Amino acid sequence: MGRWLDMINSPDDLKRLGWPQLDQLAAEIREELVDTVSMTGGHLAPNLGVVELTLALHLVFDAPRDPIVWDVGHQSYVHKLVTGRGREFKKLRTFGGLSGFPSPAESEHDHFTVGHASTSISTALGLALARDLAGEEHAVVAVIGDGAMTGGMAFEAMNHAGHQRSNLVVVLNDNEMSIARNVGALSGYLGRLRTDPKYTHGKDELEVLLKRIPAIGPAVLRWADRLKDSLKYLLVPGMFFEELGFMYLGPVDGHNLQSVVEVLRRAKGLSGPVLVHVCTRKGKGYAPAEKDPDKFHGPGPFHRDSGEPKAMTGPPTYTAVFGRTMVELAAHDPRIVAITAAMPSGTGLAEFAQAYPDRFFDVGIAEAHAVTLAAGLARGGKRPVVAVYSTFLQRAFDSVMHDVCLNRLPVILCIDRAGIVGEDGPTHHGLFDLSFLRALPGLTIMVPADEEELRHMLKTALRLPGPAAIRYPRGTACGASADAEPRLLEVGRARLLQQGSHLTLAALGTMLGPALEAASLLSEDGVAADVLDARFVKPLDEKTILGRASATGCLITVEEHALAGGFGGAVLEALAARQMNVKFLRLGIPDRFVEYGSQALLREKYGLTGPGIADAARDLLQVRTRRPRLRMVRE
């Protein structure tokens, strides 16, 4: 007999299995998760922790008629396996394969493209209100982790849901809290008591009766209410949620499938918003992930037997270089403090946190708060550095504008994962930061071409009187020396690395290497090209860039960023302001969301490689070549 997993093509297939078969299925799913993610990389520990919870959701609710909305979505692998995508699962996070996050383009069971935290309750409430307006009666479920609950948007949504009183089930997947026996037993008892219709009906009758007793009745009722509330605050762990208008059920052991099914069935039968508190263990069922769930939250490919990452050689990552430089600089400047939004390891600040625990602040998934907190620290005389992924900085734009730039405060935004990030796809590519930051007055924007420049830029930013942003990519650096002492750069000055007479290539950040390669390829066709390392997007080195463009009569800007509002747009504005008549082309990401796939593959697809840049230059200059041409995406 084959695996039960191979027989699951839809949630209806789950409902034909008995408890022993479902337990076996859960074990098979964990094996599939470890096998696949060890090859493709991805979010392993979160998915190992929600196996039983996911099965229970699909056993109790009638998806997709009952929408199940996943917060962040990196824990939706099990959901994909039981909603008809099992045969494609080996192609997880590969170009043309399955997304690592929910995707409506893949399945009717996925209701939103999602990859950011704290959104599920808002979107699920919207679905519930749309259902009510249409006169329908199906259930709506939001699944949110305890980490995502640190985001303010989740509580904004809960506050509104409690006010609306629409039928909505919120499942809180808590993978940090352990279940003490007394709390679990007491809570289970109180949960059954408080949701028993006979109890609520009897309580209503008692209140009516007491109100009819002259003189003393209302006083007794008020005393009873105060006593009831006191006992509830003492005994019921979910009173915080109940004050927001939610019926609270739990906590329940998230790895006891029958218990989770039972509590979800109770939740489905209640009126109004309900919060189900489910306690799970990240990495459940795979020893290395249970031992180090943080390491296995989103690992790259690893050896299945040992859990050790597959060998990677080469230079350190930009993230590591940033983290080491922060520790070095902080040793000489006690004003330096570091802030992260729940990503101390991911942003390279773990070493800083260990070396300077009093100067390190992890605010949880609250990017806007992180930036505004930095504004307060800066006003208090500190030099705050906010380390954040580009895609998550989008959530803090108003804080950057209103609290930092408007107040001209020396806050440094260190923007990791800028550009194409690879397999996590459109929700995680950092392709828009220049567009929304470039418009802000007084903000210095720097982009290093290698790890040495990153170190210099960090030191330079710490000396500026106002705000600064430094954007750098995911992955290994270029191999430039990162051991030299960081030094101050001249703000707003580009570097001319190579001088030619036919063409100027102005490259930003990661595109410097491909631009140098393109210049070498073009030289074979008799084209001599300038190569500029732009370094500063704001202030832009107009003197150097436009001066070289005037000398060669042809200018191409190259950036790993959206063309709309990016570096090339800044250069184009400068050309237009001076009414310069030169051949001009911008290379970057066209007006579209970029799919998932490896960084190398996606850069090649969008022409952001040496051969791709060389082909674009030949087209602009109308130069013939015998070299094979690349297929790429044009705007």
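Tabulated values for the structure
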read-out	value
Test: Val537 is surrounded by fewer than 23 Cβ atoms within 10 Å (Cβ to Cβ), of a type in the set (Val, Ile, Thr) and at pLDDT 95 or above	no
Qualifying residue in segment 501-512 (condition: within 25 Å of Asp333 (Cα to Cα) and touching a helix residue (DSSP H, G or I) at 6+ places or on another chain (Cβ under 9 Å))	no
Candidate set: segment 569-584, residues that are over 27 Å from Asp416 (Cα atoms) and in contact with a helix residue (DSSP H, G or I) (Cβ under 8 Å, 6 or more places away or on another chain); chosen: the one surrounded by the fewest Cβ atoms within 10 Å (Cβ to Cβ)	Arg578
Subset of segment 595-604 (residues that are out of contact with any Lys or Arg (no Cβ under 8 Å at 6 or more places or on another chain) and either crowded, with 19+ Cβ neighbours inside 10 Å or charged (D, E, K, R) (or both))	Glu595, Leu602, Arg603, Glu604
Helices (runs of 4 or more DSSP H) enclosed by segment 426-541 - at least 2 residues per element that are assigned by TED's automatic domain parsing to the domain that holds Ala396	433-437, 451-463
Residue list for segment 553-568, restricted to those being crowded, with 20+ Cβ neighbours inside 10 Å, under 30 Å from the mean Cα position of the chain (by Cα) and not polar (S, T, N, Q)	Val558, Glu559, Glu560, His561, Ala562, Leu563, Gly566, Phe567, Gly568
Those residues of segment 15-29 which are assigned to a loop (DSSP other than H, G, I, E, B) and surrounded by 16 or more Cβ atoms within 10 Å (Cβ to Cβ), in sequence order	Leu17
Count of segment 542-556 residues which are farther than 19 Å from Ala439 by Cα, in a helix (DSSP H, G or I) and not β-branched (Val, Ile, Thr)	7
Counted residues, segment 267-291 - those being surrounded by fewer than 18 Cβ atoms within 10 Å (Cβ to Cβ) and part of a helix (DSSP H, G or I)	4
Some residue of segment 349-368 being polar (S, T, N, Q), part of a helix (DSSP H, G or I), modelled with pLDDT of 95 or more and within 24 Å of His116 (Cβ to Cβ)	no
Filter pass, Val404 being closer than 19 Å to His116 by Cα and not aromatic (Phe, Trp, Tyr)	no
Residues (crowded, with 22+ Cβ neighbours inside 10 Å and either without any contact (Cβ under 8 Å) to a residue 40 or more places away in the chain or farther than 25 Å from Thr119 by Cα (or both)) located in segment 37-75	Val37, Asn47, Thr54
Matching entry among Ala449, Ala469 (being touching a residue at least 60 places away in the same chain (Cβ under 8 Å) and among the aliphatic types (A, V, I, L, M))	Ala449
Complete set of residues in segment 538-561 that are in contact (Cβ under 8 Å) with a residue 24 or more places away in the chain, over 22 Å from Leu608 (Cα atoms) and small (Gly, Ala, Ser)	Ser550, Ala551, Gly553
Whichever residue in segment 385-416 is of a type in the set (Asp, Glu) and not in a strand (DSSP E or B) and, among such residues, is farthest from the chain's Cα centre (by Cα)	Asp403
Where Leu98 falls short, out of the listed (1) free of Cβ contacts under 8 Å to residues at least 24 places away in the same chain; (2) more than 15 Å from Thr427 (Cα to Cα)	(2)
Failed item, numbered, when Ser345 is tested on (1) modelled with pLDDT of 95 or more; (2) on the phi < 0 side of the Ramachandran plot	(1)
Residue check, Ala378 crowded, with 19+ Cβ neighbours inside 10 Å and hydrophobic (A, V, I, L, M, F, W, C)	yes
Odd one out for Gly612 among (1) more than 24 Å from Phe436 (Cβ to Cβ); (2) in contact (Cβ under 8 Å) with a residue 60 or more places away in the chain; (3) outside any helix (DSSP H, G or I)	(3)
Given (1) surrounded by 17 or more Cβ atoms within 10 Å (Cβ to Cβ); (2) out of contact with any Asp or Glu (no Cβ under 6 Å at 6 or more places or on another chain); (3) of a type outside the set (S, T, N, Q); (4) over 30 Å from Thr625 (Cβ atoms), number of the condition Ala477 does not satisfy	(2)
Every residue from segment 557-575 that is part of a loop (DSSP other than H, G, I, E, B) and not hydrophobic (A, V, I, L, M, F, W, C)	Gly565, Gly566
Residue count for segment 576-609, restricted to those that are under 25 Å from Pro448 (Cβ atoms), in a helix (DSSP H, G or I) and more than 22 Å from the chain's Cα centre (by Cα)	2
Evaluation of Ile121 against (1) over 26 Å from Gln164 (Cβ atoms); (2) touching a helix residue (DSSP H, G or I) at 6+ places or on another chain (Cβ under 7 Å); (3) of a type in the set (A, V, I, L, M, F, W, C) (one fails), failing number	(1)
Looking only at segment 296-307, and only at residues there that are surrounded by fewer than 18 Cβ atoms within 10 Å (Cβ to Cβ) and without any contact (Cβ under 8 Å) to a residue 24 or more places away in the chain, the one that is nearest to Glu31 (Cα to Cα)	Asp305
Qualifying residue in segment 377-384 (condition: within 15 Å of the chain's Cα centre (by Cα) and closer than 21 Å to Val447 by Cα)	no
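Rundown of residues vs (1) among the hydrophobic types (A, V, I, L, M, F, W, C); (2) surrounded by fewer than 24 Cβ atoms within 10 Å (Cβ to Cβ); (3) more than 28 Å from Asp71 (Cα to Cα), yes/no style:
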residue	(1), (2), (3)
Val327	yes, yes, yes
Ile336	yes, yes, yes
Ala341	yes, no, no
Thr347	no, no, no
Gln354	no, yes, yes
Asp358	no, yes, yes
Gly364	no, yes, no
Glu367	no, no, no
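The values are calculated or read from the model by the stated rules, or taken from the named source; none is laboratory data. This is a predicted model, so every value here is computed, not measured. Counting neighbours? That spans all protein chains shown, and the Cβs are built from the backbone with ideal geometry, glycine included.
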